[in-house]
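The values are calculated or read from the model by the stated rules, or taken from the named source; none is laboratory data. Note that the coordinates shown come from a computational prediction; the quantities given were computed from them, not determined experimentally. Using ideal geometry, Cβ is built from the backbone for each residue, glycine included, and neighbour counts are taken over all protein chains shown.
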Amino acid sequence: MTTFCPNLPGYIPTQNLEKTDWKRISTFKMEKNKDELNHSKINYPLPRQEKVDTFSPLRSQNSKTLLASQIAIKPIFTGEFTESFRPIYAKLDKQVLRFTGYFKENVVESATESLRVRKLDIYYYLIDDSISMYEPKQANSGMPQGIFLKRQKVFKSEKNGDFIRIEDLQIGKEVDIFGRKITICDCDMYTREFYEGIQNPQPPSINIPLDNFEAKSANKTVTQKDNEITAYLEKVLGGGRAASEKQFLQNDKKVLRFYAESGQKFTIHYFLADNTVEILEALAPNNGRDSIPQFLKRQKIFKGFVLGQPGHSSDQGFITPTDIKFGENLIVYGKKFLIKGCDAFTQSYYKVNFGVDFPCEIKEKIEPNKMENKPTRNLAKTWQGITPAYNGYGSEEDSLSNVFHLSPKAPKKNYSQFMENNYDLKFSAKMMSTLPEDYQRSFVITYFLQDDTIAIHEIPLRNSGFPTGKFLERGKYRKANGKYFSPFDFKVGKPVTITGRSFYLNDCTEVTKKWFVQHTI
């Protein structure tokens, strides 16, 4: 609670003056569900609580494989599981009761209203019995609305030192909060379920009364403005907007789209903002034409183009939407464009404004224009060549991108495999060789399940005469038949040949054994 008194014992209104022991609360008292004053907290039966499931190995979402940290976990305990202890402060955390209320405020020096009804949302926090209030904001209210009361404990009006509790908040009753008589009129469904659980159901909700201002606003009829009369009166009085400016504001970013043909396919755009027309070529891929899509720059077009003499002006006017009709030719600078259809917006525009059902074009796949006596290519035929041998530089997938792409692309990685298999299979091995110096050499073969790569590490041996450490760099390697190694090619007690060297697998780690047990069919 906010106060100007120092934060010392005896100066805080909410402090228990009879308390003499200011030691820290022990764990035993917390387990007994005591509050900061060593008082017992009420264990409310909360609605909509999740049930405690029995034990089951956790699995990753959208995957049937176990995670790496859970690969070695198996359920051992077969008895019944019970819910672990939860203190009251953890159980009641984020549990809030929500009420709706109002209070009446007197209005002075106003001829339209004598009182005003102000609506509030009341929040009661079960964890510490604190209250906060919020007033919904209204447009042009002229009042500072929003947070009406910050979260804090509120004393009762009886001045007995007790705070407002859940039993004081009932629908239809008044509650005094800092001198304001607030009437509770409704609550949400969670709050009703909570009160039913404590055997104290809430009454039905009541309506919030209307003040004079809201009553007049509800009965007020909205008059429709006559735009033509308004424009006429503004023009007579010497004001108003110019016709072009008004047209631009009403039709900005509104474009009519037509599909036409004139030896090839075109798209005609009619801009309603300024009555201009733009013509674009609908070029097909690989048609052999230059990529100049703009056939005619955006401009106004005369209905009938006539090349007049100097000083001669045409009074025929410009093309309007009524001049563009389905199945008829649109003449633009002497060139005829046959209108074949339009888009959905253009169809609705013609239907609303002119009552004309302008059909839409059925979009077909644009094919390259076929010329007479020209041999056609089989586009479905793909290149079939010989893939060159791997040169040993980089990975094999990275080298293949130089063969199939003019601009090399990085090979794609299997990220799902990388995320779900973040552990390795490790084997201890001996080199199978006829040389006596190779008899005591020991190796560790690691198979990485994230990307199916293999690495071999030689265990240091004193005075062996061989450089120990990395024996084979991590990478993807092929078997003698040309296929990549898989985890099932490594079996304890059997040899394996990698890059021409044979190794005998002696043993493996416990994680590797469990992985093979779970993935062996």
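For the range 93-115, how many residues are farther than 17 Å from LYS150 by Cα, modelled with pLDDT of 90 or more and touching a Phe, Trp or Tyr at 6+ places or on another chain (Cβ under 8 Å)? Within the range 93-115, residues that are farther than 17 Å from LYS150 by Cα, modelled with pLDDT of 90 or more and touching a Phe, Trp or Tyr at 6+ places or on another chain (Cβ under 8 Å) number 1. Suppose the filter is touching a Lys or Arg at 6+ places or on another chain (Cβ under 7 Å) and surrounded by 15 or more Cβ atoms within 10 Å (Cβ to Cβ); does VAL492 pass it? So VAL492 does not fit the description; no. Of all the numbered requirements in (1) surrounded by 10 or more Cβ atoms within 10 Å (Cβ to Cβ); (2) modelled with pLDDT under 80; (3) not charged (D, E, K, R), LEU406 misses one, and that requirement is (1). Cβ-Cβ distances below 9 Å connect the following pairs, each with a first residue in the range 398-422 that is in contact (Cβ under 8 Å) with a residue 40 or more places away in the chain, a second residue that is among the β-branched types (Val, Ile, Thr), and a separation of six or more residues or different chains: GLU420/THR65; ASN421/THR65.
Conditions tested, residue by residue: (1) surrounded by 13 or more Cβ atoms within 10 Å (Cβ to Cβ); (2) among the charged types (D, E, K, R).
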residue: TYR447; (1), (2): yes, no
residue: ASP452; (1), (2): yes, yes
residue: ALA455; (1), (2): yes, no
residue: PRO467; (1), (2): no, no
residue: TYR484; (1), (2): yes, no
residue: CYS508; (1), (2): yes, no
residue: TRP515; (1), (2): yes, no
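Screening ALA218 against (1) part of a helix (DSSP H, G or I); (2) modelled with pLDDT of 90 or more leaves a single unmet condition, (2).
Only one residue in LEU210, LEU237, LEU249 is of a type in the set (A, V, I, L, M, F, W, C), touching a Lys or Arg at 6+ places or on another chain (Cβ under 9 Å) and either exposed (fewer than 11 other Cβ atoms within 10 Å of the Cβ) or closer than 30 Å to VAL107 by Cα (or both), so which one is that?
LEU249
Assess whether PRO203 counts as being under 43 Å from the mean Cα position of the chain (by Cα), part of a loop (DSSP other than H, G, I, E, B) and not assigned by TED's automatic domain parsing to the domain that holds PRO321. Here the answer is yes, as PRO203 does meet what is asked.
With respect to the stated conditions, LEU400 fails to be assigned by TED's automatic domain parsing to the domain that holds TYR484, modelled with pLDDT of 80 or more and not in a loop (DSSP other than H, G, I, E, B).
Identify, please: which residue in the range 414-445 is of a type in the set (D, E, K, R) and more than 22 Å from PHE488 (Cα to Cα) and is, among those, surrounded by the most Cβ atoms within 10 Å (Cβ to Cβ)? The selected residue is ARG441. Scanning the range 412-457 for residues that are within 23 Å of LEU400 (Cα to Cα), modelled with pLDDT of 85 or more and in a loop (DSSP other than H, G, I, E, B) gives LEU449, GLN450, ASP451, ASP452.
Which of the residues spanning the range 94-109 are assigned to a loop (DSSP other than H, G, I, E, B) and loosely packed, with under 12 Cβ neighbours inside 10 Å?
LYS94, VAL108, GLU109
Taking the range 112-150 as the range and being among the β-branched types (Val, Ile, Thr) and either in a strand (DSSP E or B) or closer than 30 Å to ILE88 by Cβ (or both) as the test, the residues that pass are VAL117, ILE122, ILE127, ILE131, ILE147.
Checking each residue in the range 327-369 for being in contact with an Asp or Glu (Cβ under 9 Å, 6 or more places away or on another chain), assigned to a loop (DSSP other than H, G, I, E, B) and at pLDDT 90 or above picks out only ASP343.
Which members of the range 492-517 meet the condition of being assigned to a loop (DSSP other than H, G, I, E, B) and closer than 15 Å to MET431 by Cα?
Keep residues of the range 492-517 that are assigned to a loop (DSSP other than H, G, I, E, B), which gives 492-494, 499-500, 509.
VAL492, GLY493, LYS494, THR499, GLY500 - these are the residues of the range 492-517 that are assigned to a loop (DSSP other than H, G, I, E, B) and closer than 15 Å to MET431 by Cα.
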